[in-house]
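The values are calculated or read from the model by the stated rules, or taken from the named source; none is laboratory data. From a predicted model like this one, the values you see are computed outputs, not experimental measurements. Virtual Cβ from ideal backbone geometry, glycine too; neighbours counted across all protein chains shown.
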Amino acid sequence: MSLSFHSTGRFFESLWPFPEGPRNCHQLSSSACRPTDPVKTLRSTHNPPALRIMTFTGEIYRNLQWCSKPERLLACLLASGRVVMLPPLTMKVIFIVVGMALLAGNSLLSAAPQGSDRDPITVPLWPDGKAPNGDHSFDSKNATITVHRPSESNGVAIVICPGGGYGALMMEPEGHGIARWLKSFGITGVVLRYRLPRGRSSVPLLDVQRALRVVRSRGAREWDCDPSRVGVMGFSAGGHLASTAVTHFDGGTPEAASLVERVSSRPDFGILIYPVITMGTGTHGGSRRNLLGATPSADAVEFYSNDKQVNQDTPPCYLAHAKDDGPVPPINSRLFHEALRSNGIESEYLELPSGGHGLNGYKGPMWEAWQKGVLAWMRRIKVLRGL
């Protein structure tokens, strides 16, 4: 049985495999998909045939926003009823061009890093949309974790706390971007979208503790994570949250109805990058105000000055900070590093000569230095194995 190009196009329309795209390529003449009409361009009598064909395929690639992937381009061409108007020789040339594009696309896909086909998974932290506030009340706004899974996990998982002064969240550069970087080393990066405190100081801590429990309880079964190698990482105010997690934890509640709540919230290690640590002298004013309110009690300041909460049960930590960090002075990292060392806890502190807060916009030699340093440190303490 033979099919005309027109009937083949209708057949492809009926089996359209891309639900997010238009079902009919006639719709592609809309400004959202195709600002110019490649068929009209092709049929113009003012262009030589070869130039018209090249222009047609060029317009396809430049203008079809939805049909930008090679594997979709062929479907778009076949699904267009107007293809029947094109001469057979023209169609042969177009199909040769498209076939080459498909081969090139497949080559690019095969050359992509392993794990690129594993989409992140977002998981709500609290059941039934009821997130506790720590005062017997509940928040309807839930916190989430997004799990970035490598194709071949080495068992390590890290809960990542983005910064933002406890008033916002830098989700991409200090969250998902970090998770993708960790993923390239076989580490499962778990990005925590924690609730902003607005003076409710226990809210972010409850979220990060819950995230650690979820990863530890579900990770081995669902995400190839070793429950004995679950760490926490944070940047700026997220570094304060991570340092709170390594100093304020519990072993779980064995009698809890929830299996998640039965496991420990203690991280196995901490990674603190230009963190806020103290709520006293040298703190970041905005982070303190957003976390504790305008007039915090002396007890609250003491409790959340995490350099004063270190003890012999605190897990090992790696810290990095720039000397010229104005918003969050390096005294924060120094205080925590000294507290760890005085309690006999493994700690490594990298003080960078420059970079400011954010280390030159998350790029360059200073940014790369802490990344190299933390990987070497994780190997040294035997968290990373075989790399």
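Structure data summary
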{"read-out": "Hits in the range 318-334 (condition: assigned to a helix (DSSP H, G or I) and crowded, with 24+ Cβ neighbours inside 10 Å)", "value": "ASN332, SER333"}
{"read-out": "Set GLY177, GLY280, GLY219, GLY285: member being surrounded by fewer than 18 Cβ atoms within 10 Å (Cβ to Cβ), over 26 Å from GLU368 (Cα atoms), touching a residue at least 24 places away in the same chain (Cβ under 8 Å) and not aromatic (Phe, Trp, Tyr)", "value": "GLY280"}
{"read-out": "Index of the failed condition, LEU340 passing every other in (1) assigned to a helix (DSSP H, G or I); (2) surrounded by fewer than 23 Cβ atoms within 10 Å (Cβ to Cβ); (3) free of Cβ contacts under 8 Å to residues at least 40 places away in the same chain", "value": "(2)"}
{"read-out": "Residue in the range 366-387 that is more than 25 Å from ALA179 (Cα to Cα) and either aromatic (Phe, Trp, Tyr) or assigned to a helix (DSSP H, G or I) (or both) present", "value": "no"}
{"read-out": "Residue in the range 326-335 that is in contact (Cβ under 8 Å) with a residue 12 or more places away in the chain and within 15 Å of MET233 (Cα to Cα) present", "value": "yes"}
{"read-out": "Sole residue being within 17 Å of LEU205 (Cβ to Cβ), under 25 Å from the mean Cα position of the chain (by Cα) and assigned by TED's automatic domain parsing to the domain that holds GLU174, chosen from ARG266, ARG288", "value": "ARG266"}
{"read-out": "Filter result for TYR304 (of a type in the set (Phe, Trp, Tyr), over 11 Å from THR247 (Cα atoms) and within 30 Å of the chain's Cα centre (by Cα))", "value": "no"}
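Residue-by-condition table, conditions (1) small (Gly, Ala, Ser); (2) in contact with a His (Cβ under 7 Å, 6 or more places away or on another chain):
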{"site": "ALA179", "(1), (2)": "yes, yes"}
{"site": "LYS183", "(1), (2)": "no, yes"}
{"site": "LEU196", "(1), (2)": "no, no"}
{"site": "VAL208", "(1), (2)": "no, no"}
{"site": "VAL214", "(1), (2)": "no, no"}
{"site": "SER217", "(1), (2)": "yes, no"}
{"site": "ALA220", "(1), (2)": "yes, no"}
{"site": "PRO227", "(1), (2)": "no, no"}
{"site": "PHE235", "(1), (2)": "no, no"}
